[in-house]
Amino acid sequence: MRVEGLAINLATVREQWGLRQAVEACARHGIFAVDPWRDQVAACGLTEAATLMRDNGMRVSGYCRGGMFPGADPAARQAAIDDNRRALDEAAALGAACLVLVVGGLPKASRDLAGARAMVAEGLAALLDHARACRMPLAIEPLHPMYAADRACVNTLAQALDLCDRLGAGVGVAIDTYHVWWDPDLARQVARAGAGGRILAYHIGDWLVPTRDMLLDRGMMGDGIIDFKAMRRLIEDAGFTGPQEVEIFSALDWWKRPGEEVLAACIERFRACC
Ligand code: ZN
């Protein structure tokens, strides 16, 4: 039976399966939207990955990931932009809905957070022509502030939308419950994102109490404290009609379980909690 409205970010089963196995398993479970990662696509081969998606009738709800714009010197920043251009080409070849961006944190040994944020804005601006030319929207994903130093110095939806306002067409946001659930301004910013046509992706994963690892202890929906039904209402009231994409990095739990069990749990919790 087809599970409508659900997508799987393939990081969720990255320890269990390669791209082909993961896509074919999703299809067996009736899930027809996935978001693959660049390393998974590279291991499979881009052309083969694109064929795999087509043959299985997969919608590609996003492509993970580009970004990482800040660098210690101009050469490093240019290398990041060049790499992002390649990521855009890959996303286009896969027919992805957007290229998801984790924008990057502080360059090594830097304490200049404002400078890193300026580098992100410059990197996005430098990438935009190519993104527009290949009709591949850039989805800025604000990350929880605990990652500001090492992964993403864009930390709130408001901050991401301010960047969108400055950049114009071809850029939007990926809203991930794990990263934004705590934001007191969330309802207003989701509505703002929707009004601007900026919501490109909606990722779901739960916040566990306690969280034992900053990166690799995300929860299955229902195991933590996020109100997914309320979040979904916000997102849909803002006009987003795409799938809810389960994205769970879980070295401590779900990555240790059989992939089939993980997908079955995603479907069950999606139906019960989301
Ligand atoms: Zn995400």
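The values are calculated or read from the model by the stated rules, or taken from the named source; none is laboratory data. None of the values given here were measured: they were computed from a predicted structure. Cβ placement follows ideal geometry from the backbone for every residue including glycine, while neighbour counts extend to all protein chains displayed. Side chains included, ligands, DNA and RNA excluded: accessible areas come from the protein's heavy atoms. Shrake-Rupley method; radii C 1.70, N 1.55, O 1.52, S 1.80 Å.
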Could you please tell me which pairs satisfy a Cβ distance under 8 Å, a separation of 6+ or placement on different chains, a first residue in segment 245-270 that is within 16 Å of the ligand (Cβ to nearest atom) and β-branched (Val, Ile, Thr), and a second residue that is open to solvent by less than 20 Å² (accessible area, probe 1.4 Å) and in a loop (DSSP other than H, G, I, E, B)?
-> Val246/Gly205; Val246/Met221; Ile248/Gly205; Ile248/Arg218; Ile248/Met220
Filter pass, Gly45 being touching a residue at least 40 places away in the same chain (Cβ under 8 Å) and closer than 22 Å to Glu15 by Cα = no
Picking from Asp162, Asp183, Asp206, which residue would you name as being out of contact with any Cys (no Cβ under 8 Å at 6 or more places or on another chain), within 14 Å of the ligand (Cβ to nearest atom) and either over 16 Å from Val100 (Cβ atoms) or basic (Lys, Arg) (or both)?
-> Asp206
Which number in (1) free of Cβ contacts under 8 Å to residues at least 60 places away in the same chain; (2) under 17 Å from Arg269 (Cβ atoms); (3) aliphatic (A, V, I, L, M) marks the one condition that Leu6 misses?
-> (1)
By residue number, the members of segment 114-144 that are open to solvent by less than 20 Å² (accessible area, probe 1.4 Å) and within 16 Å of the ligand (Cβ to nearest atom) are Leu138, Ala139, Ile140, Glu141, Pro142, Leu143
Name the residue, out of Ala91, Ala7, Ala11, that is within 16 Å of the ligand (Cβ to nearest atom), under 27 Å from Ala251 (Cβ atoms), in contact with a Lys or Arg (Cβ under 8 Å, 6 or more places away or on another chain) and among the small types (Gly, Ala, Ser).
-> Ala7
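With the structure loaded, tell me whether Val120 is touching a residue at least 24 places away in the same chain (Cβ under 8 Å), part of a helix (DSSP H, G or I) and closer than 17 Å to Ala152 by Cβ or whether it fails that test.
On the way: touching a residue at least 24 places away in the same chain (Cβ under 8 Å): yes; part of a helix (DSSP H, G or I): yes; closer than 17 Å to Ala152 by Cβ: yes.
It is true that Val120 is touching a residue at least 24 places away in the same chain (Cβ under 8 Å), part of a helix (DSSP H, G or I) and closer than 17 Å to Ala152 by Cβ.
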Name the residues in segment 146-155 that are more than 15 Å from the ligand (Cβ to nearest atom) and open to solvent by 10 Å² or more (accessible area, probe 1.4 Å), would you?
-> Ala148, Ala149, Asp150
When Pro107 is run through (1) under 21 Å from the mean Cα position of the chain (by Cα); (2) surrounded by 16 or more Cβ atoms within 10 Å (Cβ to Cβ), the failure sits at (1)
